[in-house]
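The values are calculated or read from the model by the stated rules, or taken from the named source; none is laboratory data. Everything numeric here is computed off the predicted structure, so don't read it as measured data. All Cβ positions, even for glycine, are placed from backbone atoms using ideal geometry, and neighbour counts span all protein chains on display.
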Amino acid sequence: MTRRPSGPQGECIGKSRGSIGRKARILGACLLPAILVGSLITLAGLASSHARASSVVVTPIPTAAAARPPMGWNDWYEDRCAVSESDILTSARRLISSGLAADGYNTVVIDDCWMAKARSAAGALVADPATFPNGIPYIARQVHSLGLKLGIYESAGTKTCAGRPGSYNHYTQDADTFASWGVDFVKFDFCHLPSGANPATLFNQFGAALHKADPNIVYSQELPVHGGSAPASSAFTSLIAASAAISNMWRIAPDEKPTVAAGVSITRHLEADLPLNSYASPGHWNDLDMLLAGNSAFGYSLSEQENQADVWAMESSPLISSGDLTSAASLTVLGNKKVIDIDQEGVQGKLIDTEASVDVVAKPGSMMLINTTSKRAGVHFKTRDQLVNVWGNGEPARTTGGYLNRMLPAYGVLMFTTSKAGSSS
């Protein structure tokens, strides 16, 4: 097999026989130049079911936050609207007692449904008194006392996705409120945008208000994935460009769904992310969604949870888990230090080669093989490196004549650390 170098910034990845590479080529996926702070981006045609197509100038917002992909836990896939103050504080304590906080999972994010169903008379957001009786500032103090950070959720529209008060027409007020409460991370959603509004403009307005209130707050948002455009289309990459200019992390693929098989979902997320390599840099990360380690509702096997963590780490996606932190799977998958190190390197992997349905994605110090189809597939990969499976016993992988020969199950993933042959890894 001949190793094919990945394309430089501004060029298409190139021909591929594999599922991901082939679809990327058909869709015209190219690596576009990264957006530099201090420049202006003119975006056109940001059409969606909520917003008309129009041009908007997005002013980049400088940031010192999220120098590495953020790590932590979010309640949504585990609790959804049944979340309570007790759930959040219990999970925060579990991050400490499990050792996951020491591994870097240091942010606890409260998702939708934390707020009361109406704002105060002054227009301010208030916590739901039934489920968060002590209020968000109290939770922030408790979380901070553990040495952790607190994240919170809002939406750019008139309502959140669950129908609670949205942030539209209150961007500055809400940003100031979050900063005054001691919030360290804000997840900003796309739901219920007013008709005719330009999404990029709204997300930029809130980002500017948040940066003014506290430039150290991590700004996580969902503009690209809800923008109504297919991955790798010009409209989609325009939304990615806008997001890279104004936020620390942005969703590039849809929410996980129990009705979508694990292998299909993981592969689709990688497919969407590979062409976006040039947008990832310190302070700016492509977000593949939350990890499902320890979450029983989606039916992922342990190996599928490991596969998801491998792909997220290879792409240096934020590692935000949303599962049961008491489960053995959470501790096994989230606590793998080799996987964490690959993620926190902060370099997004590139597609470097394809053999039949197996794609090879790599970055300095690590390499991943992924079978992109529902059938078993073999790979015969030539390498001069010493390879160590991140889920193995630490022994170098066996090669024959300089080739790594492996049979991967449907949608199977293998990830290795790499080093010069004969060196210690």
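Looking only at the range 106-119, which residues are surrounded by 14 or more Cβ atoms within 10 Å (Cβ to Cβ) and more than 19 Å from W76 (Cα to Cα)?
The answer is R119, and nothing else.
Which of the residues belonging to the range 357-372 are closer than 15 Å to G346 by Cα and outside any strand (DSSP E or B)?
Passing the criteria: P364, G365.
For the range 66-155, which helices (runs of 4 or more DSSP H) that fit wholly inside it have 1 or more residues that are basic (K, R)? Break it down stepwise before answering.
Details: elements: 76-79, 85-98, 135-145.
Once the helices (runs of 4 or more DSSP H) in the range 66-155 are filtered for at least 1 residues that are basic (K, R), what remains is 85-98, 135-145.
Show the residue pairs meeting these rules: Cβ distance below 9 Å; 6+ apart or different chains; first residue within the range 257-285 and among the charged types (D, E, K, R); second residue at pLDDT 95 or above and part of a helix (DSSP H, G or I).
From residues that are among the charged types (D, E, K, R), the pairs are K257/S265; K257/F298; D273/V311.
Where residues in the range 282-297 are among the polar types (S, T, N, Q) and within 20 Å of R94 (Cα to Cα), which of them is surrounded by the fewest Cβ atoms within 10 Å (Cβ to Cβ)?
Ranking the qualifying residues of the range 282-297, first place goes to S296.
Could you list, in sequence order, the residues of the range 120-131 that are in contact (Cβ under 8 Å) with a residue 24 or more places away in the chain and surrounded by fewer than 16 Cβ atoms within 10 Å (Cβ to Cβ)?
Of everything in the range 120-131, those that are in contact (Cβ under 8 Å) with a residue 24 or more places away in the chain and surrounded by fewer than 16 Cβ atoms within 10 Å (Cβ to Cβ) turn out to be G123, A124.
Which residues, counting only those in the range 160-181, are in contact with a strand residue (DSSP E or B) (Cβ under 7 Å, 6 or more places away or on another chain) and either outside any helix (DSSP H, G or I) or in contact (Cβ under 8 Å) with a residue 40 or more places away in the chain (or both)?
Filtering the range 160-181 for residues in contact with a strand residue (DSSP E or B) (Cβ under 7 Å, 6 or more places away or on another chain) gives 160-161, 164-167, 174, 178.
Within the range 160-181, T160, C161, R164, P165, G166, S167, D174 meet the criteria.
Residues of the range 149-170 being of a type in the set (A, V, I, L, M) and crowded, with 20+ Cβ neighbours inside 10 Å, which ones? Before you say what the answer is, go through the steps one by one.
Here is the first cut: in the range 149-170, the ones of a type in the set (A, V, I, L, M) are 150, 152, 156, 162.
Scanning the range 149-170 gives L150, I152, A156.
From (1) within 19 Å of the chain's Cα centre (by Cα); (2) surrounded by fewer than 17 Cβ atoms within 10 Å (Cβ to Cβ), pick out the condition that doesn't hold for W73.
Going through (1) within 19 Å of the chain's Cα centre (by Cα); (2) surrounded by fewer than 17 Cβ atoms within 10 Å (Cβ to Cβ) one by one, W73 breaks only (2).
Name the one entry in T326, T332, T372 that is surrounded by fewer than 16 Cβ atoms within 10 Å (Cβ to Cβ), among the polar types (S, T, N, Q) and closer than 30 Å to W76 by Cβ. Steps first, please.
On the way: T332 fails: surrounded by fewer than 16 Cβ atoms within 10 Å (Cβ to Cβ); T372 fails: surrounded by fewer than 16 Cβ atoms within 10 Å (Cβ to Cβ).
Checking each option against the conditions leaves just T326.
Across the range 182-212, which residue is modelled with the lowest pLDDT among those that are surrounded by fewer than 19 Cβ atoms within 10 Å (Cβ to Cβ) and of a type in the set (A, V, I, L, M)?
Applying the filter and picking the extreme gives A197.
Here is a list of conditions, (1) in contact with a Pro (Cβ under 6 Å, 6 or more places away or on another chain); (2) free of Cβ contacts under 8 Å to residues at least 60 places away in the same chain, and F298 meets all of them except one; can you say which number that is?
Only one criterion in (1) in contact with a Pro (Cβ under 6 Å, 6 or more places away or on another chain); (2) free of Cβ contacts under 8 Å to residues at least 60 places away in the same chain is unmet by F298, namely (2).
Checking the condition under 11 Å from the mean Cα position of the chain (by Cα), of a type in the set (A, V, I, L, M), at pLDDT 95 or above and over 20 Å from A242 (Cα atoms), which residue from L319, L288 passes?
That would be L319, the only listed residue that is under 11 Å from the mean Cα position of the chain (by Cα), of a type in the set (A, V, I, L, M), at pLDDT 95 or above and over 20 Å from A242 (Cα atoms).
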